[in-house]
1. Using +1 at the C-beta of Lys and Arg and -1 at the C-beta of Asp and Glu, which of V298, G115, H105 has the Cα lying farthest in the positive direction of the dipole of the chain?
2. To make sure I understand the rule: partners must be lysines, Cα under 28 Å from the Cα of K53, and not fewer than 8 residues away in the same chain. Which ones qualify?
3. Sum up the charges of everything whose Cβ sits under 15 Å from the Cβ of D50, counting Lys and Arg as +1 and Asp and Glu as -1, but leave D50 out.
4. At what distance in nm do the modelled label points of H100 and A126 sit from each other, each positioned 7 Å from its Cα along Cα→Cβ?
5. First check a/c for the chain, with a ≥ b ≥ c the square roots of the eigenvalues of its C-alpha gyration tensor; if it is under 1.5, answer rounded, and if not, answer prolate when a/b is larger than b/c or oblate otherwise.
6. Is region 189-228 best put as rounded, prolate or oblate by its Cα gyration tensor, with a ≥ b ≥ c the root eigenvalues, rounded for a/c under 1.5, and otherwise prolate when a/b is larger than b/c, oblate when not?
7. On a full-extension model of 0.36 nm per residue, what is the gain between K175 and Q263, subtracting their alpha-carbon distance, rounded to one decimal in nm?
8. Please give the net charge around M62, taking every other residue with its beta carbon less than 11 angstrom from that of M62, where Lys and Arg add +1 and Asp and Glu add -1.
Amino acid sequence: MRRLGLSSYKLLLLATAVVFGLLTMQLGSSAQGIKSSGYRLSVVGIAVSDYAKSQDFYGKQMGLREAFKFSSRDGKRTTTYYQLSRDTFLEMAEAAGDVHPGFTHVHLAVDDLNGTIARLKQTGIAGSARNATTPGTVTETGVAQPSNVKNANIYDPDGLRLELNELIPESLTSKATESWSDTYPSYRLYVIGIGYKDFAVSDDFYEKKMGLRVAFLINSPTHPYLQLSRDTFIDFQLAAAPSFNHVHLVVDDLTKALARLKQNGVPTTAPQFSPPSQLYSANVTDPDGLRLELNQWVDSLPKRAAEAWK
């Protein structure tokens, strides 16, 4: 892909105008006037191999605010919530046992957890016990401690865990949101990348049962962006090993964000423009090789999908 400076961006837009016109047709009628799905991407969970090294990376080098932390009951494992933006977070825990370094799960905020679960069951998703991990099911509700979040887990056909959260006022997440200041560096979480094994099965689960809609396509009907809320999405791709594989973080000014990261010793890729999504972006890789894609929306397909949301 050709690497560009920000000064070349307008020229590139002119050069790709025809392509963009064709691509925006991929938004289709399904993305026009989309009604709320009831979910909002709020947290991405990661497991790390070297906790101190990852603390330094996320806290000092990327400049994320430590929202809160807690230890496991036996005191052997620590979980830290870093605040990406006012209402999006990164949940960092130590890799241990059969949990390897990588993206582990995501949280989807909902307004009414009981109502959401009832609706999911009506679409054919089976219920399961609170601690079950059965693919294609949704668990009983409970209140997670010590975060004090009302939650349940939904497992997709490949066993990937989507935690449904109702953020009651007493939750640590709600308290962190209320104490947010615009002076903190902001990287708003808006995309989780999901690799699937069987498109027909997974598409049925996410679209028909969970009620998500295709916002736009990236070159192929089997590579859609599914819209969770006005400005949060799933980047849905075929993968040999199904997983959560990357995240996108929105920044207001990509040039300034990259300059700040460079000053802090964070290696990044050079800014690039992607014609398929019309995004201007660069990649950051964490100590365990996890890819964090920084995006400046400008006049991109995600931005257009957000504007079409109702």
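1. V298
2. Counting by Cα, and skipping residues close in sequence, K53 has these lysines nearby: K69, K76, K175, K256, K262.
3. Details: positive: K53, K60, R77; negative: D56, E94, D286, D288.
Neighbourhood net charge equals -1.
4. About 2.8 nm, to one decimal.
5. Details: a/c = 1.71, a/b = 1.15, b/c = 1.49.
It comes out oblate by the Cα gyration axes.
6. Details: a/c = 1.38, a/b = 1.12, b/c = 1.24.
Note, shape of region 189-228 comes out rounded.
7. Working: separation 88, 0.36 × 88 = 31.68 nm, distance 3.11 nm.
Answer, rounded to one decimal: 28.6 nm.
8. On the way: positive: K60, R65, R260; negative: D56, D286.
Here the charged neighbours net out to +1.
Every read-out reported here was derived from the displayed coordinates using simple, explicitly stated rules and does not represent laboratory data. As the structure is a prediction and not an experimental result, all values here were calculated from the model. Positions of Cβ are backbone-derived with ideal geometry, glycine not excepted, and every protein chain shown enters the neighbour counts.
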